[in-house]
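The values are calculated or read from the model by the stated rules, or taken from the named source; none is laboratory data. Computed from a prediction, not measured in an experiment: that's the story for all the values here. Neighbour counts are summed over all protein chains in view; Cβ atoms, including those assigned to glycine, are modelled from backbone coordinates with ideal geometry. Just so you know, the surface numbers come from the protein's heavy atoms only, side chains and all, with ligands and any DNA or RNA stripped out. Shrake-Rupley method; radii C 1.70, N 1.55, O 1.52, S 1.80 Å.
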Amino acid sequence: VAAGDECESLCYNSSDDDPTDSLAMRSAQKSLDLGAVEVPAVTRAAPPADLASRRSSGAGADVELDFPRLQAAFRRFKVPDSGDLHTQDVQELLRYLGHVMVEPSDIEPLLQEVTRFEYIDFDEFERFMERFVPHEQERFRAVFVEFDADQSGEISVPELKPMLAALNFLPMNRMLQEALAAVGADASGSLNFEQLVQFLKVYRQAEGFTRDEAVQLLASFTSRAQEAPGQTPVLPAASMSDAMVAVFGLHVQEHAEQLQTLLQSGQGLQKSALSPSRGGQGAEVLTFPEFLIFSRKVREASYERLKMEYPSWAAGRRTQASGSEPQGEFQQADSDGSGGISEGELRRVIRRVGYTPLRQNVLEVISEVVDRKWRDGDELDFSEFFAFMLTLRQREGFTQADVEEMRRVFTRFDADGSGEVDGLELAELFRHLGYKVAHDDIHVFVTEVDSNDSGQLDFREFLRLMRLWRESELTRYADAFFMLKESSSSVQLAASKFRRVSVATAQEGEVKGLLPKSKVFDALKEIGVTPTRLLLKMKGALPSQGIDFDGLVSIVDSCRVEEVERQRKNASFSDEKVQQFQDLFARFDKDSSGDIDTMELMQILRFFSWEPKTPQEQAALIHKLDTARARAREAGIKDVGEDGGSTIRFWTFVQLARLLETEREVAEEERLARLTEELHFERVEVDQFRQIFCERKKFESAHMEAPTSPTSQMSAGGDNDEPSGLARDGVRRLMRSLVTTIPPADKARLDAQVNSLMSEDGLLDFHGFLRLMRWLLDTDFAGLQSRLAKRSALL
């Protein structure tokens, strides 16, 4: 797949007319634009004779072995600081290379022909492979004969998938189609044994990945690889998990990190000999072919995990209502006991793993993983189910179009091109998407999904965040759907609101039934979206029988498109805040012309403490005004004035307010960073304290009278329902939640410390809260250290 020597073993074949011409080689025959990564065109060149795949002349005469691949694998499994491999590690080494006939009964007799000892060097391993490859091929022949029911010497392509499953291969439909094409077969034909051998060779060369998958893996590898002039690019083992997660999604992270830790241990992949750790004596690296192998192993681990969760289905057995096998997850999903899974059963499985199974999303993935036209009543087999769940999790439940759009937006707001967005960039991104999120909540979001603890979000973490956000939205939609579907009177509606537990959860997530046509607009109001103009015009065209949940989601999503446009026009300020801006703007627009001059603008900026104080700041303001005009045009405002002009129109001012508010947030972040260093807190500690602080603010806002300050109603940042800090009583309640008992003497000390940290508005902001926590920890106030340690473990 990749250009250069690192992929010779993957891309090279012994003959130009070999029908097993590598899929990976052909996938790189032209330059492919992968966004940040350019995959160069590859020309075919024979590797040196001493490194190329060559035919052995030993006991297994005429056996073709891929020596670079064998040498690389041997190096991974040999005993550290030696040139020998323990014979007990041969089985796992063969699995690593993609071999499937690796039972001890297959291996031990062949090893005994090579050595009487427990350790073998590479030459002995070569002789073992000369025997093993023909043995495996004969085992393949036996399975082939078993599936050749009519003894014609051929098996049909439809029979190929169950045969591959019997051989312990992972039969993914798209890879099967590509490999069949490589050996000159099609989906309706048949294969003789020689074609099957060539088919398996193609499959193994590409590690079971399709061309598209291999190119994605190459892009992820290349973006993180180290490359010295004239040397093969290599991936630091410390980056392996991130590289795999970037392609497959966060669901593979656990196993990818296990392999990464194993590589970094200095013990290699062998398990039979423990040598002193070499972890600090040179970083482990991977070539691309090795990275491809490890990627296959991670995908195989996902497959094995799914087999454990659904054992009867994985075995292709029908489930019984009674019997010795425990009634587990599979039996709950396979409700009709057919041994396959229908669309309805699939939707229940999807719900159990945390996704809302919207019809459009489900059918899109089904169409990609089956090799036939999907009809009502069809069922997935186990390999199709695995491919479905892999794709679903890779996209975090979104459609492919959704993922591509999110990647485009993510790239746009990754201002420094680092591949990650920080909290401030994420806040801008959310505003672009039409969401109004408090600045503190953004940091909580980052903490929640920052799986590699970088303090920022890469695209996969961002996609997971958007999934969590989407699920919270869909839960609100489902609540409104059930509440209005089941309520025919205002009394029943009030009762439903009073009961406000998620009805979707109460019914195991099955959002069934129809919402009456007359309740659709009530549902939109309950959800908090404004009907589009087109929807209002076509109100009478709604189905007379009502709409199902998917229909409601579609309507809400269409309404949100207009809402996003309105939010971009408002620069993500609330309508109330925009009205405050308008009233203030009108106060300085004496002639009601719709614009103000720069002197009047300075008075407004002074009102918000935004006025430039130096010549440099004044020059920067001119540039910001042009940026604000550009953003207003992007939001659909036509009359924004001329760039560089001396007058400012209202919607330009709104965008300028957002720019200046963002600058204030940047300054706050810098101030927080300095405070964190001064107080000797780690970033993760600050994140945990922020979560505690924000949870308490939300509680106080929801259950107590929210504190207000004299300037809160007209401050640029006062665009949220929550207060900017905690009042004294709120701080006391928070302390009681952290420390159950406070002696009177300690209470007086605590009150004095809190009073010294209160702002002029009578609130304790987050900076003051951090200082308070430093004081509490330094004095171990009422044993707070141990209590916070327990809470941190829970977070």
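Which trypsin sites (Lys or Arg not before Pro) does the range 626-683 hold that lie in a coil by DSSP with at most 10 other beta carbons within 10 Å?
Hits after loop and neighbour filter: 638.
Residue 137 to residue 584: extension gain in nm, 0.36 nm per residue of separation minus the Cα-Cα distance?
Between residue 137 and residue 584, full extension yields 152.6 nm more.
Would you calculate the separation in nanometres between label points at residue 575 and residue 598, each defined as 7 Å from the Cα along the Cα-to-beta-carbon direction?
According to this spin-label approximation, the distance is 3.7 nm.
Just add up the charged neighbours of residue 623: K/R +1, D/E -1, any other residue whose Cβ is under 14 Å from the Cβ of residue 623.
Combined, the nearby Lys, Arg, Asp and Glu give -1.
At residue 607 and residue 146, where each label point lies 7 Å from the Cα along Cα→Cβ, what is the point-to-point distance in nanometres?
Label at residue 607, label at residue 146, 8.2 nm between them.
Using amide H atoms built 1.01 Å from N in the peptide plane, name the residues 5+ places from residue 515, or on other chains, whose amide H lies under 5 Å from its own.
Answer set, sorted by chain and number: 547, 548.
Run through every distinct alpha carbon pair of the range 600-670 and return the Kirkwood hydrodynamic radius in angstroms, one decimal place.
The answer is 12.5 Å.
Among 742-753, 450-461, how do they line up from the highest to the lowest mean number of other beta-carbon atoms within 10 Å?
450-461, 742-753
Could you calculate the FRET efficiency of residue 103 with residue 65 from 1/(1 + (r/R0)^6), where r is the beta carbon distance between them and R0 is 25 Å, rounded to 0.05?
Using R0 = 25 Å, I get an efficiency of 0.70.
My understanding is that a pair violates if its Cα-Cα distance is over 26 Å; which of 78/307; 201/271; 436/638 do that in this structure?
78/307; 201/271
Using +1 at the Cβ of each Lys and Arg and -1 at the Cβ of each Asp and Glu in the range 101-197, identify which of 149, 172, 132 lies farthest towards the dipole's positive end.
172
So if the hydrodynamic radius of the range 339-463 is defined as the Kirkwood radius over C-alpha pairs, what does Stokes-Einstein give as its diffusion coefficient at 10 °C and 1.306 mPa s, in µm² per second?
Stokes-Einstein gives a translational diffusion coefficient of 97 µm²/s.
So how exposed is residue 119, as accessible area in Å² (1.4 Å probe, rounded to 10)?
Surface open to solvent at residue 119 totals about 90 Å².
Could you put 735, 308 in order of accessible surface area, largest first, with the 1.4 Å probe and the full protein assembly present?
If we order 735, 308 from most to least accessible, we get 308, 735.
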